Protein chains: 2
Amino acid sequence: MNKRVYNFYAGPATLPENVLKTAQTELLNYQNSGMSIMEMSHRSPSVEKVMSSAEQSIKELLNIPEGYRVLFLQGGASSQFFMVPYNFLPKNKVANYLVTGSFAEKAYQEGAQIGQAHVAATTKELKYTRVNTPDEISLSKDVAYVHLTSNNTIYGTQWDKFPEFDVPLIADMSSDILSRQFDASKFDLIYAGAQKNLGPAGVTIVVISNDLLEISAQQKTLPTMLNYTTHAQKDSLYNTPSVFPIYIVNLVLEWLKEQGGVVEVEKQNRHKAGIIYDIIDQSDGFYQGHAQRDRSIMNITFRLQNEDLEKKFVQETADKGLIGLKGHRSVGGIRASIYNAMPVSGCQALADFMINFMRNN
Amino acid sequence: MNKRVYNFYAGPATLPENVLKTAQTELLNYQNSGMSIMEMSHRSPSVEKVMSSAEQSIKELLNIPEGYRVLFLQGGASSQFFMVPYNFLPKNKVANYLVTGSFAEKAYQEGAQIGQAHVAATTKELKYTRVNTPDEISLSKDVAYVHLTSNNTIYGTQWDKFPEFDVPLIADMSSDILSRQFDASKFDLIYAGAQKNLGPAGVTIVVISNDLLEISAQQKTLPTMLNYTTHAQKDSLYNTPSVFPIYIVNLVLEWLKEQGGVVEVEKQNRHKAGIIYDIIDQSDGFYQGHAQRDRSIMNITFRLQNEDLEKKFVQETADKGLIGLKGHRSVGGIRASIYNAMPVSGCQALADFMINFMRNN
């Protein structure tokens, strides 16, 4: 295949073509330095500039108020699952989790191993076909924090309106960060593995309030690397950060600004998701959406009548250059991940295919 | 600067030019897939192939016997500093550390925070101008493991011959892995951040014995991500690994095999280091090596008569395209890091400059 395919992988995922072209052009000679950005010391002015530019862009694009830091860590969201309770769950308090999908459940399990954890709401018995309503949420006493997952990648559901609390709110936004507007000031900590909406795998973005940093500064027995304050105090340079992934993230953020920022990209995302959901809704049950409500604009999950037909769907789309549509093994069926970098034309191509496939089968 | 410079950074560091060219060529279209390797699911056959190829090459190049696994983790050597004691330091045992440099000391400090730790030998009072002799090493009772740092990047010293013990031996080989031959069967765990001799920052290689994996399998209260067994059981795919850095590592390993493997590269490295050490030794004290013995073939550290002259040296080398020669702030002076990917011509260029600089100053 010589031309660029439409890549519907759930993550790592498609990146803006122009970002890749820029990276390609300067791969051996970054800004006339005579070397690759990959070869540069993390303490060189060029790398520090990339990192501060990325921090600035994230603050700007997410509209983050004063009093927050942006950190570039490693280990993915999976490492945040235990770093959060290690830093913010004292023995006499309870971590509260809204369990609306597999990763939310993993976050809860890591919390429960470290301290007292409480499932404040879950849709597990509904097979995660929606997120919870506000009246379903029941917090424990002595809440340390509430943790939620903004978008459930595997199930294709999403918190449209975030619940509000008068305790610290922590969110895993790995699969929908920067895809839509929200009020960042309501959160104390937001984290996201880069490999869906931000860049390649290998870097995790953490947005953290100074209030929480004051708490982690009191943790005197944690390993140095597991304390958020370590990284905040050293501008994410306590150890060698994942330079090249951060560099790509910075290019993606620049690209996002060129698109008009989150306001414009959200419009595009809603339009893109609508193109595919419309086909599902008008298919008379040929395509059955997994989400019953709270549909994600990032991950669209649906089943066909049987697994043979689903296999055929995946095979035929792949033949047409529509790649990565097989659903997660725990849900089965089809999943179309349409992050920021998926062009409208990709969603249109998939919709066209879906119409034809329905006619022919 | 349009032509490629000679990059003496201590890490991230110079990479083989051909590796960068390959990465550049296929950056937008990996093996006719129509997408970048950065955009591919970590569970796609292409990425799994890259990872198993890298694992196989590391085993082959390091001549690792049966009974070991190779893992691709994140968080750098700094994360191994605490993962090692978390997994292998029970309450009734003592972690023993050979403290021969700054990173060795950091590893010890993390161990001491987690459990009982003992400095079995150190050259700190000698300002880390050499490593220890075997007779200086005094182990504690009830040793859990001995930890050493094979090459001290900041000070430019190196264990030429590794001490042997009848307890598990664990080594941080971040700055000299694959630069020289050694008997891997004497070690139970070897780890290395990639950004010096292996590839870009963002991935950590861990070589671990099945004996140690059996111990970590018994750890039932560790966070999932911090247990080595998690990653061994899932072939480093428990969470999303750092795909692009691993891809570059795999290309570097292929390049290393083309060079004739570790046997040939060690000859080159000794030759390269010799070119520069000869100038120091013949300079009548104009250049004063920091290492008094156990000189590293990877990092060559030396002082000049005063800081003004050192500044001038760094400035003039940079003007000539010899980059990154400023020593670490804790030692000062000059540091020339000449990892595997530094060509002989780079060392020759530096040596020529050093002769001229001595004549003119």
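The values are calculated or read from the model by the stated rules, or taken from the named source; none is laboratory data. What you are looking at is a predicted structure, and each value in this text was computed from that prediction instead of being measured. Positions of Cβ are generated from backbone atoms using ideal geometry, with glycine treated the same way; all protein chains shown enter the neighbour counts. Surface areas here come from the heavy atoms of the whole protein model, side chains and all, with no ligands, DNA or RNA. Shrake-Rupley method; radii C 1.70, N 1.55, O 1.52, S 1.80 Å.
Quick check: is even one residue across region B:237-246 over 30 Å from B:Gln24 (Cβ atoms) and more than 20 Å from the chain's Cα centre (by Cα)?
Among the residues of region B:237-246, at least one is over 30 Å from B:Gln24 (Cβ atoms) and more than 20 Å from the chain's Cα centre (by Cα), which makes the answer yes.
Cβ-Cβ under 7 Å, sequence separation 6+ or interchain: first residue in region B:64-91 and over 23 Å from A:Gly76 (Cβ atoms), partner surrounded by 22 or more Cβ atoms within 10 Å (Cβ to Cβ) and among the β-branched types (Val, Ile, Thr). Which pairs?
Close Cβ pairs (under 7 Å, with a partner that is surrounded by 22 or more Cβ atoms within 10 Å (Cβ to Cβ) and among the β-branched types (Val, Ile, Thr)) amount to B:Ile64/B:Val207; B:Tyr68/B:Val207; B:Tyr68/B:Ile208.
From the list B:Ile279, B:Ile246, exactly one residue is in contact (Cβ under 8 Å) with a residue 40 or more places away in the chain and crowded, with 24+ Cβ neighbours inside 10 Å. Which is it?
Sole residue among the options that is in contact (Cβ under 8 Å) with a residue 40 or more places away in the chain and crowded, with 24+ Cβ neighbours inside 10 Å: B:Ile246.
Would you pick out the residues in region B:141-185 that are more than 19 Å from B:Val70 (Cα to Cα) and open to solvent by 30 Å² or more (accessible area, probe 1.4 Å)?
If the condition is that a residue be more than 19 Å from B:Val70 (Cα to Cα) and open to solvent by 30 Å² or more (accessible area, probe 1.4 Å), then B:Lys141, B:Asp142, B:Asp160, B:Lys161, B:Phe162, B:Glu164, B:Phe165, B:Asp166, B:Val167 are the ones that fit.
With the checklist (1) modelled with pLDDT of 95 or more; (2) out of contact with any His (no Cβ under 8 Å at 6 or more places or on another chain); (3) within 12 Å of another protein chain (Cβ to nearest Cβ) in hand, flag the one item B:Pro241 doesn't pass.
(2)
Filter region A:127-137 down to residues that are open to solvent by less than 70 Å² (accessible area, probe 1.4 Å) and not acidic (Asp, Glu) and give me whichever is farthest from the other protein chains (Cβ to nearest Cβ).
Of everything passing the filter in region A:127-137, A:Thr133 is farthest from the other protein chains (Cβ to nearest Cβ).
How about region A:1-43: which of its residues are open to solvent by 20 Å² or more (accessible area, probe 1.4 Å) and part of a helix (DSSP H, G or I)?
A:Glu17, A:Asn18, A:Lys21, A:Thr22, A:Gln24, A:Thr25, A:Gln31, A:Asn32
For region B:89-123, give me each residue that is open to solvent by 10 Å² or more (accessible area, probe 1.4 Å) and either within 11 Å of chain A (Cβ to nearest Cβ) or in contact with a Pro (Cβ under 9 Å, 6 or more places away or on another chain) (or both).
B:Phe103, B:Lys106, B:Gln109, B:Glu110, B:Ala112, B:Gln113, B:Ile114, B:Gly115, B:Ala117
Do we have any residue at all in region B:211-221 that's within 14 Å of chain A (Cβ to nearest Cβ) and either hydrophobic (A, V, I, L, M, F, W, C) or in contact with a strand residue (DSSP E or B) (Cβ under 8 Å, 6 or more places away or on another chain) (or both)? Reasoning before the result, please.
Looking only at region B:211-221, we keep the residues that are within 14 Å of chain A (Cβ to nearest Cβ), and these are B:219-221.
Of the ones still in play, those that are also either hydrophobic (A, V, I, L, M, F, W, C) or in contact with a strand residue (DSSP E or B) (Cβ under 8 Å, 6 or more places away or on another chain) (or both) are none.
No, region B:211-221 contains no residue that is within 14 Å of chain A (Cβ to nearest Cβ) and either hydrophobic (A, V, I, L, M, F, W, C) or in contact with a strand residue (DSSP E or B) (Cβ under 8 Å, 6 or more places away or on another chain) (or both).
Under the condition of being of a type in the set (D, E, K, R) and in contact (Cβ under 8 Å) with a residue 60 or more places away in the chain, which residue from region A:249-269 is surrounded by the most Cβ atoms within 10 Å (Cβ to Cβ)?
Step by step, filter region A:249-269, then rank; the result is A:Glu266.
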